[in-house]
Amino acid sequence: MITIKKVDKSFFELYDTVPQNVDVRSELKLKRIDGGFGGITFEEVPVTPYVKDLSKYERATEFEKQFDISTWHFFMAFEDDKAVGALTIAGPTPNLYMLFGMKDACVLWDIRVDDEHKHQGIGQKLFDEAKSVAIAEGYNKMIIECQNNNVTACRFYRKQGAVITKIDTNAYCSEPGLENEIQVIWTLELA
C-alpha cells in the first residue's frame, strides 16, 4: 500500500535516496514552420535508449544552501517504510528565476519515483497532493520545467492540463553534456 506524506527537511537524506532516472527512448525534436513565423511543433523521434540520472542535478540536502525554502513544500511516497517517490513545490523565493517575478505561482521543483515503482500511479498521487496544497496556499499557477528528452514527463504534465508557455533551445548550452537539450516550461492553471 502506498501512502503519501507531507514531510519536512528532516527527511531530506531519505528523500535523496529515491532515484530520479529518466528512461530515454525518444525525444521531442523542435520543428519551426517558416522559420518559426508559422509556428513551432514537436515531433517525437526515437533515439538510442539511455538513462539520464537527474538526481545529480537535484539533491534535497542541497536546497537550503541555494534558497530560502520557507515557502517550499515536500512530499514523499512510501510503500510500508520504503521511500518510493518524492516531490517538491517551491513558492515565491528570492533568486528563484522559474517564477519570472510572479507572486501567485509555485514551481514543481522536483518529482521522482523509484524505478521499480514507475507506472503505478505514484507520481499522480504525489502530484495530486502537491496540487491540493498549492491551491490551499492560494497559488493560481504551477510552473513546471522539463526537457525535450523526457517525453514521459511531458505527456504526464499535458495530461494534468498544463500547457507549454516557453521553449528555450539555449537554456543548457553552457552545461557539458546537456548542450542539445531543449527546456520546455509548462504552466498549469490552478484557479
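The values are calculated or read from the model by the stated rules, or taken from the named source; none is laboratory data. Everything quoted here is computed from the prediction, not taken from an experiment. Because the Cβ atoms are built from the backbone with ideal geometry, glycine has one as well, and the counts that use them run over all protein chains shown. Please note that ligands, DNA and RNA were not included when accessible areas were found on the heavy atoms of the full protein model with its side chains. Shrake-Rupley method; radii C 1.70, N 1.55, O 1.52, S 1.80 Å.
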* In this structure, is Ile111 under 21 Å from Val22 (Cα atoms), in contact with a helix residue (DSSP H, G or I) (Cβ under 9 Å, 6 or more places away or on another chain) and without any contact (Cβ under 8 Å) to a residue 24 or more places away in the chain? -> no
* Asked: When you go through (1) among the hydrophobic types (A, V, I, L, M, F, W, C); (2) more than 21 Å from Val184 (Cα to Cα); (3) at pLDDT below 95 one by one for Ile69, which number turns out not to apply?
  -> (3)
* Write out, first by first residue and then by second, each pair whose Cβ atoms fall under 8 Å of each other, whose residues are 6+ apart or on separate chains, and whose first residue, in segment 30-57, is free of Cβ contacts under 8 Å to residues at least 40 places away in the same chain while the second is open to solvent by less than 90 Å² (accessible area, probe 1.4 Å) and of a type in the set (S, T, N, Q). => Lys31/Thr41; Ile33/Thr41; Val45/Ser26; Pro46/Ser26; Val51/Asn21; Asp53/Gln20; Asp53/Asn21
* Structure fact -> The one condition Phe67 fails out of (1) more than 30 Å from Lys9 (Cα to Cα); (2) out of contact with any helix residue (DSSP H, G or I) (no Cβ under 9 Å at 6 or more places or on another chain); (3) of a type outside the set (Gly, Ala, Ser); (4) open to solvent by less than 100 Å² (accessible area, probe 1.4 Å) is (1)
* To do: Mind telling me which of the residues Ala86, Ala191 ends up being in contact (Cβ under 8 Å) with a residue 12 or more places away in the chain and surrounded by 15 or more Cβ atoms within 10 Å (Cβ to Cβ)?
  => Ala86
* Test: residue in segment 90-104 that is touching a strand residue (DSSP E or B) at 6+ places or on another chain (Cβ under 9 Å), among the charged types (D, E, K, R) and open to solvent by less than 50 Å² (accessible area, probe 1.4 Å) -> no
* Structure fact -> Exception for Ala60 within (1) touching a Phe, Trp or Tyr at 6+ places or on another chain (Cβ under 6 Å); (2) over 25 Å from Thr187 (Cα atoms); (3) crowded, with 17+ Cβ neighbours inside 10 Å falls at (2)
* Say whether the condition of being touching a helix residue (DSSP H, G or I) at 6+ places or on another chain (Cβ under 7 Å), surrounded by fewer than 12 Cβ atoms within 10 Å (Cβ to Cβ), over 26 Å from Ala134 (Cβ atoms) and not polar (S, T, N, Q) is met by at least one residue in segment 17-39. => yes
* How many residues are among the basic types (Lys, Arg) and surrounded by fewer than 20 Cβ atoms within 10 Å (Cβ to Cβ) if we restrict to segment 105-120? -> 1
* When you go through (1) under 24 Å from Ser10 (Cα atoms); (2) in contact with a helix residue (DSSP H, G or I) (Cβ under 6 Å, 6 or more places away or on another chain) one by one for Cys146, which number turns out not to apply? -> (1)
